[in-house]
Structure formats: C-alpha cells, structure tokens
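Asks: I have a structure I would like to understand better, so I am pasting it below and will then ask my questions one at a time.
The values are calculated or read from the model by the stated rules, or taken from the named source; none is laboratory data. Because the structure is a prediction, the values reported are computed rather than measured. Cβ placement follows ideal geometry from the backbone for every residue including glycine, while neighbour counts extend to all protein chains displayed.
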C-alpha cells in the first residue's frame, strides 16, 4: 500500500486528501478481512518535516529507499495504531475544514501517544504516505505560550482578546 498521487485541478486538495485517506483505509481493511497482513511502504527521506514553523518538504527531496511497515513487528503495530488514530483526527479536520495543533492531537490520547514526538512521527508518516505537507492536513505547529482561536481573557491588568484580533497573541512576557 503506497500513497497514490491523485492531482486534479478540478478537485480541492481537501477532497483529494480525503479520497486518499478513504482508499488507504479501505486497502488496509481489505487486506485484514482477507487474512493478509497489510504491508505499508513509506518512502524514506534524508530529511522531511524538519522545520517546525513551516510546511514540511516531503516532496522536495527524492526518496532514498522504502520503509516497510507490517503487523509482524510489535513496534510497527504501535506505529500503525498511532498513525491510524492521527489519520482519523486529520480526516475529521479536513471534513470540518478546521485546524488543530500537533500538541492538541497529542493531548487527545496522551496514554497512547506517550510522547509528543510519537505524534510528530505519525504526522511525518502521513505526509509521506499522502504526498502532502503538514499544512495540507490542517495540522499546525503552535509554540509554547501562544494562544490561538476564539478566546478572550484577563491576566492581571492585561486583556488578551483573540476574538477581535485573529492574530496569535503571545501570553508570556
């Protein structure tokens, strides 16, 4: 199972990604229902998604081999479990046209993800599999001390109003 390239000028990228997610999960389920252990091939890159404050560059480098994920290794099973959980979250984000931070995703299942780097790796894997950037998955990177969204609060004598100003407001001095 490899990420299929489905570029179309007439379809928005969200719709293309949702189709890719649907095909990937359908292939996975078909393999399992037929008694086969699915084999997921991920292109390996020397560096991808290395700049936390920008889009990943999964497609800017040529692959340097393939990584094979199967259900035969326990570490691969956990990695696939995490990837599928994150993929479900991404699917919902794309369907609802919402955005979420990597940290938000981590806190949805901290006992499963164990560490935020596990979520980062799953997002990288999904980017490679779907041949897109993290930004296209509606997953953003939010630094510590940043507030984003429909929120208004008072801290001491300072008023932080993110409703009036859609820009991110730094909460630390």
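Asks: Looking only at the stretch 129-148, which residues are touching a strand residue (DSSP E or B) at 6+ places or on another chain (Cβ under 7 Å) and at pLDDT 90 or above?
Replies: Those that are touching a strand residue (DSSP E or B) at 6+ places or on another chain (Cβ under 7 Å) and at pLDDT 90 or above: 129, 138, 139.
Asks: Let me ask something else. Answer yes or no: is there a residue in the stretch 79-87 that is out of contact with any strand residue (DSSP E or B) (no Cβ under 6 Å at 6 or more places or on another chain), under 18 Å from residue 16 (Cβ atoms) and modelled with pLDDT of 90 or more.
Replies: Yes, there is a match, as at least one residue in the stretch 79-87 is out of contact with any strand residue (DSSP E or B) (no Cβ under 6 Å at 6 or more places or on another chain), under 18 Å from residue 16 (Cβ atoms) and modelled with pLDDT of 90 or more.
Asks: Could you look through the stretch 90-116, keep only residues that are under 17 Å from residue 78 (Cα atoms) and part of a helix (DSSP H, G or I), and pick out the one that is nearest to the chain's Cα centre (by Cα)?
Replies: Checking each candidate, the answer is 105.
Asks: Take the residues in the stretch 105-130 that are in contact (Cβ under 8 Å) with a residue 12 or more places away in the chain and out of contact with any helix residue (DSSP H, G or I) (no Cβ under 8 Å at 6 or more places or on another chain), then tell me which one is surrounded by the fewest Cβ atoms within 10 Å (Cβ to Cβ).
Replies: Checked the stretch 105-130; the qualifying residue surrounded by the fewest Cβ atoms within 10 Å (Cβ to Cβ) is 124.
Asks: Could you check the stretch 126-138 and list, in sequence order, the residues that are part of a helix (DSSP H, G or I) and more than 8 Å from the chain's Cα centre (by Cα)?
Replies: Matches in the stretch 126-138: 128, 129, 130, 135, 136.
Asks: Please go through the stretch 32-53 and give me each residue that is at pLDDT below 75 and either farther than 19 Å from residue 79 by Cβ or outside the structural domain of residue 134 (by TED's automatic domain parsing) (or both), ordered by number.
Replies: Of everything in the stretch 32-53, those that are at pLDDT below 75 and either farther than 19 Å from residue 79 by Cβ or outside the structural domain of residue 134 (by TED's automatic domain parsing) (or both) turn out to be 46, 47, 50, 51, 52, 53.
Asks: Consider residue 119 carefully, then state whether it is assigned to a helix (DSSP H, G or I) and over 15 Å from residue 18 (Cα atoms).
Replies: So residue 119 fits the description; yes.
Asks: Right, next: Within the stretch 150-162, work out how many residues are surrounded by 10 or more Cβ atoms within 10 Å (Cβ to Cβ) and modelled with pLDDT under 75.
Replies: Final tally of qualifying residues: 0.
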